[in-house]
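See structure below.
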């Protein structure tokens with residue numbers, strides 16, 4: 001009667017009365033198989049895309065040795081690979097487990113497969129895995145199947161790029177010791193650095209070793225348990241603080257915020273004279289785009305004054321009824337009020353001291369002379385020939401002053417008048433003719449083209 005064989009490793013089971021006198025040989029062959037089942041072997045691979053790991057012969061020979069490399073339970077594959085190698089476990093009906101190590105050089109994966117390779121297991125260089133075959137063209141990783149758990153402090157330092165990944169669900173990093181931190185370390189230009197520390201003793205406060213960059217347009221930083229305050233990156237513009245939230249300084253009473261679209265408030269609750277201090281190494285520009293609004297000065301919400309423009313005319317306007325506009329200064333350490341505009345009297349100007357009009361002193365005047373009333377109020381003219389005062393175009397109604405007319409060393413210089421200059425009774429002016437004589441002539445501008453001259457005060461000595 002012929003021998004039969006076990007399913008996976010083809011251990012020969014001799015029939016009764018069979019192999020008379022050779023039982024010892026066949027039994028020793030079976031012991032060789034059993035010895036491999038609990039042993040290790042290094043198996044060399046050639047540099048090829050495929051290889052076969054045979055567990056048992058498909059049709060063993062009775063009474064012969066049928067040992068195979070695939071009978072070893074722990075196998076280390078060696079050899080130099082320039083490509084990944086798929087190792088097929090044969091025969092396809094094998095149901096067995098293996099501890100496999102990828103000990104090859106060349107930084108290539110090995111892929112354990114069976115039959116049509118419906119499911120395979122990839123083992124990276126210098127890595128190991130426990131696998132089993134189910135006899136139906138699938139190779140399964142035991143660690144993956146049972147959720148293999150290894151104590152974190154038992155994991156050794158690797159020597160290649162690594163990935164912590166899951167195809168579904170969350171990945172949780174949990175420092176369970178009381179007040180312990182989560183620390184991310186790395187190497188920057190050969191120097192070991194701590195890139196990020198999450199402080200477990202301070203509710204997870206994050207301390208970054210260097211810059212924090214949000215690398216996408218419209219990135220948002222949220223603050224508060226319900227993200228009630230956010231900073232949003234506005235592409236090409238800057239950062240936007242949401243809603244009417246405030247950017248505060250020192251305490252909640254000093255802040256910048258926008259209470260409505262288009263409005264910006266700068267608020268300080270200090271009482272010092274410089275509670276809000278605007279300082280620049282260059283100039284400071286206040287640009288009010290609405291002419292009537294301009295720049296407004298308020299005191300506790302009451303508008304006191306406004307600086308604005310009308311058709312490009314600059315207007316300084318007081319806003320409280322009958323309250324004056326005062327101009328003050330410092331004279332030798334004392335405060336003085338050089339001018340007061342009395343708004344209860346239609347803006348009457350009260351001068352705190354004498355007012356001095358600008359004076360033109362012009363020597364060697366002869367021929368037609370046009371006085372510049374825009375620039376000067378008073379004129380000192382020394383005649384070196386006969387003089388005619390030509391009609392001006394610069395006089396202003398209400399303007400007044402004096403004209404001092406001086407004869408040169410020759411004397412007898414005459415003074416003629418343009419039609420805009422008017423004298424009492426139209427009689428003209430009689431002036432001194434003596435050499436070096438000094439006459440003073442008062443004037444008042446009554447209207448456009450009407451400059452009225454008073455009687456000359458003659459021959460001042």
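A few comments on the model shown:
- Global form of segment 359-453, assessed from the alpha-carbon gyration tensor, a/c cut-off 1.5: prolate
- A simple packing score, the average count of other Cβ atoms within 10 Å per residue, orders the peptides 265-278, 239-252 as 239-252, 265-278, with the highest score first.
- Each peptide in 157-164, 228-235 gets a packing score, the mean of other Cβ atoms within 10 Å over its residues, and the list from highest to lowest is 228-235, 157-164.
- Within segment 359-453, percent of DSSP bridges classed antiparallel, to nearest 5: 40
- Ordering 3, 312 from the fewest to the most neighbouring beta carbons within 10 Å gives 312, 3.
- Which labelled figure in (1) 26.8; (2) 35.7; (3) 24.6 is Kirkwood radius over Cα pairs in Å, once derived from the coordinates: (2)
- Calculated mean residue ellipticity at 222 nm for the chain: -1500 deg cm²/dmol, from DSSP H runs with n ≥ 4 weighted as -39500 (n - 2.57), summed, divided by the residue count and rounded to 500.
- Separation of alpha-carbon centers, segment 351-393 and segment 53-121, rounded to whole Å: 119
- Global form of segment 266-307, assessed from the alpha-carbon gyration tensor, a/c cut-off 1.5: oblate
- Taking other C-beta atoms within 10 Å as the exposure proxy, 421, 376 rank 376, 421 from fewest upward.
- Computed over the chain: relative contact order in percent, which uses C-alpha pairs under 8 Å that are six or more apart: 5
- Per-peptide packing, taken as the mean over residues of other Cβ atoms within 10 Å, places 408-414, 107-113, 440-446 in the sequence 107-113, 440-446, 408-414 from highest down.
- Three-way shape call for segment 334-376 based on the alpha-carbon gyration tensor, with the a/c threshold at 1.5: oblate
- Percent of beta bridges antiparallel (DSSP, the chain, rounded to nearest 5): 65
- Residue exposure proxy: 197, 290, ordered by other Cβ atoms within 10 angstrom of their Cβ from fewest to most, comes out as 290, 197.
Laboratory data are not the source of any read-out in this text; all were calculated from the coordinates shown. These numbers come from a predicted model, not from an experiment. FYI the Cβ positions are ideal-geometry reconstructions off the backbone, even for glycines, and counts take in every protein chain you see.
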